[in-house]
1. Only bridges whose two residues both fall in the chain count here: according to DSSP, what percent of them are antiparallel, nearest 5?
2. Any idea what the relative contact order of the range 42-114 is, in percent, if you count C-alpha pairs under 8 Å spaced at least 6 apart?
3. Could you give the semi-axes, largest first, of the ellipsoid that matches the range 24-175, computed as the square roots of 5 times the alpha carbon gyration tensor eigenvalues and rounded to whole Å?
4. Hey, what did the chain get for relative contact order, percent, Cα under 8 Å, at least 6 apart?
5. Under a plain spin-label model, where a point goes 7 Å from the Cα along Cα-to-Cβ, how far apart in nm are Lys430 and Thr30?
6. Translational D (Stokes-Einstein, µm²/s) of the range 162-272 at 25 °C and 0.890 mPa s when Rh comes from the Kirkwood sum over C-alpha pairs?
7. So how far, in whole Å, is the C-alpha centre of the range 1-71 from the one of the range 310-380?
8. Can you tell me the length gained on complete extension of the stretch Ala14 to Ser303, counting 0.36 nm per residue apart and subtracting the Cα distance?
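The values are calculated or read from the model by the stated rules, or taken from the named source; none is laboratory data. All of these numbers come straight from a predicted model, not from anything done at the bench. Neighbour counts run over all protein chains shown; Cβ positions are idealised from the backbone, glycine included. Note: areas computed on protein heavy atoms with side chains; ligands, DNA, RNA excluded. Shrake-Rupley method; radii C 1.70, N 1.55, O 1.52, S 1.80 Å.
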Amino acid sequence: MEESKDFLYAAFKAKDARFDGRFFVGISSTKIYCRPVCRTKQAKMENCTFFTSAAEAEAAGFRPCLLCRPELAPGNAAVDANAVLAHKAADFLEENCGSGQSLPEIARELGCTDRHLRRVFMEEYHVSPIQYLQTCRLLLAKNLLTDTALSVLDVAMAAGFGSLRRLNDLFQKHYGLSPTALRKKAAEGKSPAGEVTVGLGYRPPYRWEKIMEFLSMRAIPGVETVRDGRYMRTVSLLDKNGVRRYGWISVRNNQGKNMVMVTLSDTLIPVLPQTLARVRRLFDLHCNPDMVDEALQDMNRISPGLWVPGTRVPGCFDPFEMSVCAILGQQITVKAAGTLAGKIVENYGKPVETGVPGLTCVFPLTEDIVRLGGQTEEGDSIEEYLGVLGVIASRSRCILALARNLADGTVKLNQCADPEEEMKKLIQIKGIGNWTAKYIAMRTLGWPDAFLETDAGIKKALPGYSEKELAGLSENWRPWRSYATVSLWNSL
């Protein structure tokens, strides 16, 4: 960072949003650290120290700025092989900061030793995983204290501190004030009773209307709905004690602040970190759009408008739910697949009270589908349960096989998994081909380099090319071919 000080200071001086979250600035005269977009009085260059992460800035003794609020900065997506493990670990720590898992347990989830994890994490972030985890908890608590009316005790529990005393001690040590004092400095949360609203940052540009169109077309009746520029859905997640929590979320764009605002029912406070992490993946908030644009603007030489800056790859909130929809959608329309998914939810999903029109159920869990399939290897009974809804036998068996593979851990569709390895496993499931495996990897695992050369929409957007020629053409767009795929769909 210090080797690029002139460049970074210029970006800080320009308040360039493209660099938001990619570095932080420590101001020695105030012992405060800021985002590069901070609008406070410009610090002198000799007083600035640059850090790769908020955790590194805090480890150096700096406190977060109350004006620009580093906890709202967007994260980073990794494509460099040497950084992938560290970024996966960082995502895992953010999502599970309230779980209480030890470093060896986290390392096992990531498929490496804790010693190797510490080494690569230190190389990428210049702090240990434990220091990073502590900063995740502190910044989440700071966000909740500033933007919500949650009690300080509820904030401590939601952020994973385990006790109010622990939160008070760390806040005083790192930030020089108590949680109560911070709340007095900030405006009181204004969410209605029963709700909590939290902001998550992103880097502009962001084609919000396109991701809304994508999600609206694929919304599962009873589970999801899109209206008035908001995405809403039901939620079912396990807390750290293994208790299943049910609720709902609503997500809208605040373009003026480059943030999405996530409103969730207070029933989801025990699973708040997991909920926010899934929203980040669903809306691709870690994307660095300038990096993607640099690689894909060449698409417009083929035909103007094939690539539009700000395109995001829609992820998913629930990997099993999305994968079932992908299987149902083989060789039928998106609308027809949504209708079938809605029937599965209506018959085998769990009803939930949300008070939100159109949100009535959560999607069946993997164990629910496994239970329907019975004990036989062939799973004949699954055809009986899903067949009466209009799902053909081969897809019913495919859905059951996927559920079994996910339930026993053979296939993993989480942030720790290797997309290419999981695609090999998916293709071994009868009924899942190359297109479906790539599509699932793109949306559930955040794989940025999927290209669907056999897809009808891709062929329509790029007429006159054979599948082999399309695959060859896409080589120029690595490692961002998922973004090329979505932009081609958007161009239709």
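1. On the way: 34 of 38 bridges.
Around 90 percent of the beta bridges assigned by DSSP in the chain are antiparallel ones.
2. Working: 20 pairs, mean separation 10.9, N = 73.
RCO, the range 42-114: 15 percent.
3. Working: eigenvalues 124, 92, 32 Å².
Sorted largest first and rounded, they come to 25, 21, 13 Å.
4. Working: 830 pairs, mean separation 57.8, N = 492.
Reported as a whole number, the value is 12 percent.
5. So the two model labels end up 6.6 nm from each other.
6. On the way: Rh = 16.5 Å.
Estimated via Stokes-Einstein, D reaches 149 µm²/s.
7. Result: 44 Å between the Cα centres.
8. On the way: separation 289, 0.36 × 289 = 104.04 nm, distance 3.35 nm.
Contour length minus Cα-Cα distance gives 100.7 nm.
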